[in-house]
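Below is one structure; the comments refer to it alone.
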Amino acid sequence: MKQTEPDFWVLEYVTVTKDPRTDLVVAIGGTEKAADILQRTGGFLSAPGPRGDYHRLPPGLPVEQQRWKATAASHALLAAGHSVHLDPTLNMLVAPDGEREAALRYLAGLAKRAAAATTSSEVAEVLTEIAAPVHGLLPLAREVVIRAWIAASDFQGAAPAGEPDPIARLGSTATSMSEAARAILHARNHAARPAQRPATTSPPPSRAQPAGSRRR
């Protein structure tokens, strides 16, 4: 008997998220009942889209108002029986330091993985998480240092003559972080190679003794 796929009411699923290009809070999906809840509870507005109407909050709202309205509308939808995905950055009920705690747990997990590694390939996987060119921890931290350096330079100005400029040293620190990432990636590549067994050396052939010495 051929098993058939179950029917899902896809339109009843609602996704509430923040568009990274426009910073608008948008709600996609849902029935007319969901649209009514979005408009009444969260103050969402209907807007035409390339694949049909969707809902969004008015532009220019402060971040806290965006979060409050998105959270209120999402929980009202849940209470009415709709399935909702709410962007965690918009959820007012998430603890403010939740992302930081998640990052600390992630780092602690990497340390445990490195300590428990039983092969060099497992070590290479941990080093990849640290120094991958785009999403590695060290390149991301370097980006933070660079942005902080630029912002601090605008605020602080140059240091007094004859004194070392700690803000200017952030630039060289970012360079050092890039060099460290390259060194870690080099080590990662080395660890990722299959282990080569050392070649076994056979003992040198024994020299034949002269005939005269054998007769002695």
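Being surrounded by 14 or more Cβ atoms within 10 Å (Cβ to Cβ), in contact (Cβ under 8 Å) with a residue 60 or more places away in the chain and small (Gly, Ala, Ser) is a property that residue 152 lacks. Residue 116 - would you say it is surrounded by fewer than 16 Cβ atoms within 10 Å (Cβ to Cβ) and under 12 Å from the mean Cα position of the chain (by Cα)? Here the answer is no, as residue 116 does not meet what is asked. Residue 175 meets the conditions (1) at pLDDT 90 or above; (2) out of contact with any strand residue (DSSP E or B) (no Cβ under 6 Å at 6 or more places or on another chain); (3) under 30 Å from residue 32 (Cα atoms) in every case but one. The failed one is (3). Tell me yes or no: at least one residue of the range 97-104 is open to solvent by less than 30 Å² (accessible area, probe 1.4 Å), modelled with pLDDT under 90 and not polar (S, T, N, Q). Yes, some residue in the range 97-104 is open to solvent by less than 30 Å² (accessible area, probe 1.4 Å), modelled with pLDDT under 90 and not polar (S, T, N, Q). Of the residues making up the range 34-54, those that are open to solvent by less than 20 Å² (accessible area, probe 1.4 Å) and in contact (Cβ under 8 Å) with a residue 24 or more places away in the chain are 34, 37, 38, 42, 44. Of the residues examined, residue 141 is one that is part of a helix (DSSP H, G or I), more than 25 Å from residue 120 (Cα to Cα) and modelled with pLDDT of 90 or more.
Tell me whether the range 124-136 contains one or more residues that are surrounded by fewer than 13 Cβ atoms within 10 Å (Cβ to Cβ), part of a helix (DSSP H, G or I) and either touching a Lys or Arg at 6+ places or on another chain (Cβ under 9 Å) or charged (D, E, K, R) (or both). No, every residue in the range 124-136 fails to be surrounded by fewer than 13 Cβ atoms within 10 Å (Cβ to Cβ), part of a helix (DSSP H, G or I) and either touching a Lys or Arg at 6+ places or on another chain (Cβ under 9 Å) or charged (D, E, K, R) (or both).
Looking only at residues in the range 71-84 that are in a loop (DSSP other than H, G, I, E, B) and touching a residue at least 24 places away in the same chain (Cβ under 8 Å), the one that is least open to solvent (accessible area, probe 1.4 Å) is 82. Within the range 57-70, does at least one residue satisfy the condition of being outside any helix (DSSP H, G or I), crowded, with 20+ Cβ neighbours inside 10 Å and free of Cβ contacts under 8 Å to residues at least 60 places away in the same chain? So far as the range 57-70 goes, yes, one or more of its residues are outside any helix (DSSP H, G or I), crowded, with 20+ Cβ neighbours inside 10 Å and free of Cβ contacts under 8 Å to residues at least 60 places away in the same chain. Screening residue 87 with (1) in contact (Cβ under 8 Å) with a residue 24 or more places away in the chain; (2) under 23 Å from residue 186 (Cα atoms) gives one miss only, at (2).
The values are calculated or read from the model by the stated rules, or taken from the named source; none is laboratory data. The shown structure was predicted, so the numbers you read here are calculated from the model rather than taken from an experiment. With ideal geometry, Cβ positions are generated from the backbone for all residues, glycine too; neighbour counts draw on all protein chains shown. Surface accessibility is based on the protein's heavy atoms, side chains included, excluding ligands, DNA and RNA. Shrake-Rupley method; radii C 1.70, N 1.55, O 1.52, S 1.80 Å.
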